[in-house]
Each structure stands twice: as C-alpha cells, then as structure tokens.
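So the structure is just underneath, and the comments pick up after that.
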C-alpha cells in the first residue's frame with residue numbers, strides 16, 4: 001500500500017535537531033577540567049554541538065537560537081555557533097513505474113458504465129487483461145475522474161453535458177489498481193457543491209488519494225505526496241478549460257476545483273513541491289476537444305511548469321491524443337485523450353513514467369502502452385504493424401520525439 005502525505009504533513013521532516021543545553025554544560029565542564037578551573041573560555045571560541053535525534057513523541061520543534069545561556073551568576077556569557085544538520089535521506093536503488101490514464105467514464109447512464117454493469121461489473125469485460133496488468137503492477141497509477149460521485153445535488157446551470165456517478169461505481173477504480181484520482185476538470189461541479197463534497201467523502205473512504213479539488217482553495221490546490229522506498233513523488237493537478245467559469249473554482253472559503261486559467265498559484269505550488277519532493281509531476285486539464293493541434297497556452301504553460309521545477313507535465317481533456325514535446329530534457333505530454341470514455345473507435349494510451357536509479361541520480365523514461373478504445377472496451381494494440389502505424393502517427397503530431405518498437409519515447413537531437 002502506498003504511503004502518502006499531504007503537503008502540510010511534510011513540513012516537519014524527519015531530521016536531526018540540536019539539544020544544546022546539556023551539551024553546553026558538558027562542554028564547559030570539559031573546559032574547566034582541562035584548564036584547572038582557571039579562566040573561563042575565550043568568548044570568541046566557538047562551541048561545536050553534536051546533533052541528537054528528537055524523539056517521536058516530541059510535539060514542539062527544536063528552535064535554533066543565537067542567544068547565549070548563563071550557567072551561574074558569575075560565569076561570563078559564552079557565544080555559541082551551531083549548525084542545523086539535515087538528515088541525508090538514504091540512497092536506495094529503485095526501479096519504479098508511474099502510469100497515467102486519460103478520460104474515464106463510469107457516470108450513470110453512460111454506455112461504458114452500462115456495459116460494465118450488464119456484465120456483472122466484470123472489469124475484464126471492458127478492460128483488456130494486458131492493460132489491467134499494467135495498471136495494477138504500476139507503483140503509482142493516476143486516473144482522470146471526470147464526474148462527481150453522488151446521488152444528490154442540483155445540475156449546474158448553463159452546461160451542455162452534466163455527469164454524475166453512483167458512489168458504488170468507484171469500485172471499478174479500485175479494481176483497476178488506481179492510487180490517485182485527478183479531480184481538476186470541467187465536470188467535477190456538475191451537481192454543485194453537494195455533488196463535489198459527496199465526491200470528496202466517497203474517495204476519502206477508500207485507500208485512494210485525490211488531488212485537484214477540495215473544500216476550499218487551500219485544499220483544492222494542495223500538492224499530494226507519495227512516499228516510495230527511496231523516492232518522494234509530488235502530484236499537482238489543475239484545470240485550464242472553461243474561460244467562462246461554469247465549473248466552480250475553489251476560493252478561500254468555498255469548495256471547487258483548482259482552477260488555473262491564471263497559472264500563478266500553480267507555479268507557486270510547483271516551486272514549493274520542488275523543495276520537498278524528488279519527482280514533481282503536474283497533471284493538467286487543458287486544450288480544445290477533438291483536435292490534435294495545440295493551443296498556444298498549452299506550450300507556454302507547459303514549458304513554464306518545467307522551468308518552475310516540474311519533472312513531467314501530463315495533459316488531458318481533448319478526448320483525442322495530442323503530441324509530446326521534450327523541454328529541457330523533460331516530457332510534456334499534451335493530451336492522453338480518452339481512455340475508457342465512450343463507444344467510439346479511436347487510439348488511446350496508458351502512459352508510463354519509469355524512474356530508475358537512486359534519489360540523487362535517477363533516469364526518467366517515458367513509455368506509451370498503445371491501446372484502442374472501441375465499443376466501450378479498451379484493448380492493448382499487440383499487432384506489430386498496427387503498433388508501427390500508431391507510433392509513427394504520434395511522431396508526426398509531436399515536436400521532437402521518436403518511439404522505438406517498445407513504445408519508449410526519447411528526445412530527438
């Protein structure tokens with residue numbers, strides 16, 4: 001099971017802190033013994049303090065102080081020079097896989113949902129065995145959750161399409177092996193605040209993590225951290241669709257999604273996550289539905305996210321695959337398209353990031369598991385000829401990438 005923490009949990013890191021008072025006394029005793037209890041130490045001399053771990057039961061952080069401590073009425077004030085020594089995290093070799101899906105639909109009345117229910121809620125009636133194995137075997141699996149889990153609420157006025165799913169349907173996400181649900185999208189508020197709050201509660205009653213929506217802006221924009229053995233991964237999720245705000249963006253006092261039409265706060269979250277995590281991933285809802293070409297802001301914001309400290313940017317929303325670009329050696333996946341969303345026949349993908357090495361020296365590799373959505377089923381494309389056509393098309397709509405026969409995506413020189 002994943003071990004994960006909210007950002008606030010990580011502000012008090014494991015570390016070594018100073019317990020000074022007793023050590024200073026011991027240091028002074030040593031000085032007096034060596035000098036025959038003659039003159040007090042020269043005030044200009046530094047006292048170097050050995051660090052001692054704080055106990056787990058301590059509730060107050062040890063605060064570094066520049067003030068001297070007096071140990072008798074006649075003793076001179078002795079300045080001290082201390083250094084807070086941070087714990088060096090262990091260098092544990094690892095080989096992790098993080099996978100990502102595009103749009104998934106298990107809302108009430110959808111053809112995909114109906115097929116699943118009509119087959120006794122059998123996951124393998126709708127998802128190819130190879131695809132499911134990849135999802136379940138990944139160390140972290142993130143999926144787009146494009147609907148609220150609720151039986152209540154009021155439909156949002158002015159929207160052409162509104163979705164909601166019976167909370168029981170979340171069992172499909174669990175069976176697929178999903179660990180993180182991305183909620184920043186243009187359907188999360190389809191049944192108003194009540195629908196969103198029901199969604200948060202439904203997910204919180206599982207072992208899955210949510211990112212991109214919350215009871216207020218602080219929670220909606222919160223970075224989520226996953227602790228793997230030897231690696232800390234940060235997830236940030238925002239949405240840039242709907243220039244006219246139909247899906248409510250969270251405010252300081254109101255529930256909603258992390259709306260990032262103005263990306264300033266998202267950039268701030270990336271910078272903050274960079275200080276805490278080894279790997280920072282941004283999953284973002286953006287682009288124009290049904291087209292392979294990019295909006296200017298996708299390129300602008302995607303590259304700025306990398307400059308601010310993201311290691312990978314993964315996009316979706318367009319309901320079709322869009323291209324890939326490497327910037328400063330890091331991947332920007334512009335859109336994963338539909339994963340399991342409707343009955344159309346179209347190319348799909350399960351994107352994987354392979355992270356290999358140690359905390360201070362690792363390699364990040366992008367791999368596409370080629371898939372086809374058709375008749376409310378998602379299947380692995382196993383035919384070599386079809387794989388060849390699939391990868392050549394992706395190269396044609398991408399900027400500077402090439403795919404090998406295994407779906408490994410690399411930057412072209």
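Take each of the peptides 388-398, 150-160, average the number of other beta-carbon atoms within 10 Å over its residues, and list them starting from the highest.
Numbers: 388-398: 16.2, 150-160: 12.8.
Descending mean neighbour count gives 388-398, 150-160.
Could you tell me which of rounded, prolate or oblate describes segment 204-315, using a ≥ b ≥ c as the square roots of the eigenvalues of the alpha-carbon gyration tensor, with rounded for a/c under 1.5 and, failing that, prolate when a/b is larger than b/c and oblate otherwise? Kindly include the intermediate steps, with their values, before the conclusion.
On the way: a/c = 1.69, a/b = 1.16, b/c = 1.46.
In terms of gyration-tensor shape, oblate.
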If the label point sits 7 Å along Cα→Cβ of residue 289, residues of segment 209-248 with amide N under 17 Å come out as 239-248
Once you sort the root eigenvalues of the Cα gyration tensor of segment 94-411 as a ≥ b ≥ c, which label holds: rounded (a/c under 1.5), prolate (a/b larger than b/c) or oblate (the other case)?
rounded
Classified through the alpha carbon gyration tensor (a ≥ b ≥ c as square roots of its eigenvalues; rounded if a/c is under 1.5, else prolate when a/b is larger than b/c, else oblate), segment 242-299 comes out oblate
Taking the number of other C-beta atoms within 10 Å as the exposure measure, put 401, 333 in order starting with the fewest.
401, 333
Given labels modelled 7 Å from the Cα in the Cβ direction, how far is it in nm from residue 364 to residue 174?
3.2
With each label point set 7 Å from Cα along the Cα-Cβ vector, what nm distance links residue 95 and residue 299?
3.8
If you stretched the chain out fully between residue 400 and residue 374, how much longer would it get, using 0.36 nm times the residue separation minus the C-alpha to C-alpha distance?
6.4 nm
Only counting other Cβ atoms within 10 Å, I'd like 147, 341, 124 sorted with the fewest neighbours first.
124, 341, 147
Residue 215-residue 413 FRET efficiency (beta carbon distance; Förster radius 45 Å; 0.05 resolution)
0.40
According to a simple spin-label model (label point 7 Å from Cα along Cα-to-Cβ), what is the distance in nm between residue 262 and residue 133?
5.0
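FYI, it's all coordinate maths here, none of it is from the lab. Keep in mind that this is a model prediction, so the values were computed, not measured. Neighbour counts run over all protein chains shown; Cβ positions are idealised from the backbone, glycine included.
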